[in-house]
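S.K.: First, the structure itself, so that you have it in front of you.
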Amino acid sequence: MPDPTLAWLLDKAVIRRAVEGISASLVATPLSTEQSLALRLLRRGVQTSVLLLITPETANILLHRGHLLAVRLLLNEVTPIRRGRYFARWARRLRESGFTREDALVLSYGTFGLPPGDLILGVSTVVTFDRPMIHNFEAQGANLLRRLTAMTGQLPSPYSDAALPRVLTPDDLLA
């Protein structure tokens with residue numbers, strides 16, 4: 001059973017590489033570096049009882065490809081996160097800070113997303129291969145923290161406890 005207090009949100013690129021890696025493994029094809037990292041990340045998450053989450057948008061894409069064995073195997077290990085209250089407001093503020101629409105949504109899920117059971121708010125780590133997003137997040141870190149603190153100071157509990165997730169590559173997380 002996954003630990004509900006430790007959650008990783010895997011972005012679309014990580015999931016894509018995981019599906020490719022599972023497919024390649026099924027036919028004994030060599031894996032790319034990113035495919036190997038994505039599969040190692042999934043294995044580590046499962047072995048350490050991390051809650052492995054995906055966005056609803058990614059889940060929708062996967063469900064449309066549910067006829068593929070690799071997708072079905074992956075769907076057994078991941079769970080969609082859902083939008084919590086204040087999700088849209090935070091996504092809008094992230095867009096104002098220079099994040100792309102997709103990056104803002106992923107980061108907003110990381111902060112105001114609700115995993116199954118609603119036991120926690122947000123995730124501990126957003127995992128992505130998107131280095132520009134990581135660099136932007138690091139560059140904007142102090143500003144984002146200031147904006148989130150100002151926003152959450154006016155919110156009721158549990159939303160007042162919202163925190164920024166870490167944003168890491170699979171390689172950095174596995175190190």
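The values are calculated or read from the model by the stated rules, or taken from the named source; none is laboratory data. Since the structure is predicted, the reported quantities are computational estimates derived from the model, not experimental observations. We place every Cβ from the backbone using ideal geometry, glycine too, and count neighbours over all the protein chains shown.
S.K.: Please work out which residue is nearest to Val167 (Cα to Cα), limiting yourself to region 102-121 and to residues that are touching a Pro at 6+ places or on another chain (Cβ under 7 Å) and without any contact (Cβ under 8 Å) to a residue 60 or more places away in the chain.
M.R.: Looking at residues that are touching a Pro at 6+ places or on another chain (Cβ under 7 Å) and without any contact (Cβ under 8 Å) to a residue 60 or more places away in the chain, I get Thr111.
S.K.: Quick check: anything in region 137-152 polar (S, T, N, Q) and in contact with a strand residue (DSSP E or B) (Cβ under 8 Å, 6 or more places away or on another chain)? So that I can check it myself, show each step before the final result.
M.R.: Initially, region 137-152 is screened for residues polar (S, T, N, Q), giving 140, 143, 149, 152.
Those left that are additionally in contact with a strand residue (DSSP E or B) (Cβ under 8 Å, 6 or more places away or on another chain): none.
Within region 137-152 (the criterion being polar (S, T, N, Q) and in contact with a strand residue (DSSP E or B) (Cβ under 8 Å, 6 or more places away or on another chain)), the answer is no, since none of the residues qualifies.
S.K.: Could you check region 134-157 and list, in sequence order, the residues that are without any contact (Cβ under 8 Å) to a residue 60 or more places away in the chain and in contact with a helix residue (DSSP H, G or I) (Cβ under 9 Å, 6 or more places away or on another chain)?
M.R.: Within region 134-157, the subset without any contact (Cβ under 8 Å) to a residue 60 or more places away in the chain is 134-150, 152-154, 156-157.
Answer for region 134-157, where residues must be without any contact (Cβ under 8 Å) to a residue 60 or more places away in the chain and in contact with a helix residue (DSSP H, G or I) (Cβ under 9 Å, 6 or more places away or on another chain): Ile134, Asn136, Phe137, Gln140, Leu144, Arg147, Leu148, Thr152, Gly153, Gln154.
S.K.: Continuing with this model, one more query. Go through region 53-78 and report how many residues are touching a residue at least 60 places away in the same chain (Cβ under 8 Å) and more than 27 Å from Asn143 (Cβ to Cβ).
M.R.: Here the count works out to 1.
S.K.: Being surrounded by 16 or more Cβ atoms within 10 Å (Cβ to Cβ) and touching a helix residue (DSSP H, G or I) at 6+ places or on another chain (Cβ under 8 Å) is the requirement here; does Thr100 meet it?
M.R.: Details: surrounded by 16 or more Cβ atoms within 10 Å (Cβ to Cβ): no; touching a helix residue (DSSP H, G or I) at 6+ places or on another chain (Cβ under 8 Å): yes.
Spelling it out, it is not the case that Thr100 is surrounded by 16 or more Cβ atoms within 10 Å (Cβ to Cβ) and touching a helix residue (DSSP H, G or I) at 6+ places or on another chain (Cβ under 8 Å).
S.K.: Which of the residues belonging to region 4-44 are within 17 Å of Gly110 (Cβ to Cβ), at pLDDT below 95 and not β-branched (Val, Ile, Thr)? Lay out the reasoning, then the answer.
M.R.: Within region 4-44, the subset within 17 Å of Gly110 (Cβ to Cβ) is 4-15, 41.
Checking which are at pLDDT below 95 leaves us with 4-7.
Within region 4-44, Pro4, Leu6, Ala7 meet the criteria.
S.K.: Just checking, which of Thr128, Thr149 is closer than 15 Å to Leu9 by Cα, modelled with pLDDT of 95 or more and either surrounded by fewer than 19 Cβ atoms within 10 Å (Cβ to Cβ) or within 14 Å of the chain's Cα centre (by Cα) (or both)?
M.R.: Values: Thr149 fails: closer than 15 Å to Leu9 by Cα.
Exactly one of Thr128, Thr149 is closer than 15 Å to Leu9 by Cα, modelled with pLDDT of 95 or more and either surrounded by fewer than 19 Cβ atoms within 10 Å (Cβ to Cβ) or within 14 Å of the chain's Cα centre (by Cα) (or both), namely Thr128.
S.K.: Can you find, within region 72-89, the residue that is nearest to the chain's Cα centre (by Cα) among those that are surrounded by fewer than 20 Cβ atoms within 10 Å (Cβ to Cβ) and among the aliphatic types (A, V, I, L, M)?
M.R.: Leu75
S.K.: Can you tell me how many residues in region 99-123 are over 18 Å from Thr58 (Cα atoms) and at pLDDT 95 or above? Even if it seems obvious, please write down each step before you answer.
M.R.: Start the filter on region 99-123 by keeping residues that are over 18 Å from Thr58 (Cα atoms), which leaves 99, 117-121.
With at pLDDT 95 or above added as a condition, the list becomes 99.
So the answer is 1.
S.K.: Of all residues in region 50-60, count the ones that are closer than 18 Å to Ala13 by Cβ and surrounded by 16 or more Cβ atoms within 10 Å (Cβ to Cβ).
M.R.: Taking region 50-60 as the starting set, the residues that turn out to be closer than 18 Å to Ala13 by Cβ are 52-60.
Now drop any that are not surrounded by 16 or more Cβ atoms within 10 Å (Cβ to Cβ), which leaves 52-55, 58-59.
Count: 6.
S.K.: With Leu107, Leu114, Leu119, Leu155 as the choices, which residue is surrounded by 14 or more Cβ atoms within 10 Å (Cβ to Cβ) and out of contact with any Leu (no Cβ under 8 Å at 6 or more places or on another chain)? Steps first, please.
M.R.: Numbers: Leu107 fails: out of contact with any Leu (no Cβ under 8 Å at 6 or more places or on another chain); Leu114 fails: out of contact with any Leu (no Cβ under 8 Å at 6 or more places or on another chain); Leu119 fails: surrounded by 14 or more Cβ atoms within 10 Å (Cβ to Cβ).
Answer to the selection: Leu155.
S.K.: If you check Leu144 against the conditions, is it more than 30 Å from Thr33 (Cβ to Cβ), touching a Phe, Trp or Tyr at 6+ places or on another chain (Cβ under 8 Å) and assigned by TED's automatic domain parsing to the domain that holds Asp103?
M.R.: Details: more than 30 Å from Thr33 (Cβ to Cβ): no; touching a Phe, Trp or Tyr at 6+ places or on another chain (Cβ under 8 Å): yes; assigned by TED's automatic domain parsing to the domain that holds Asp103: yes.
Taking the combined requirement at face value, the residue does not satisfy it.
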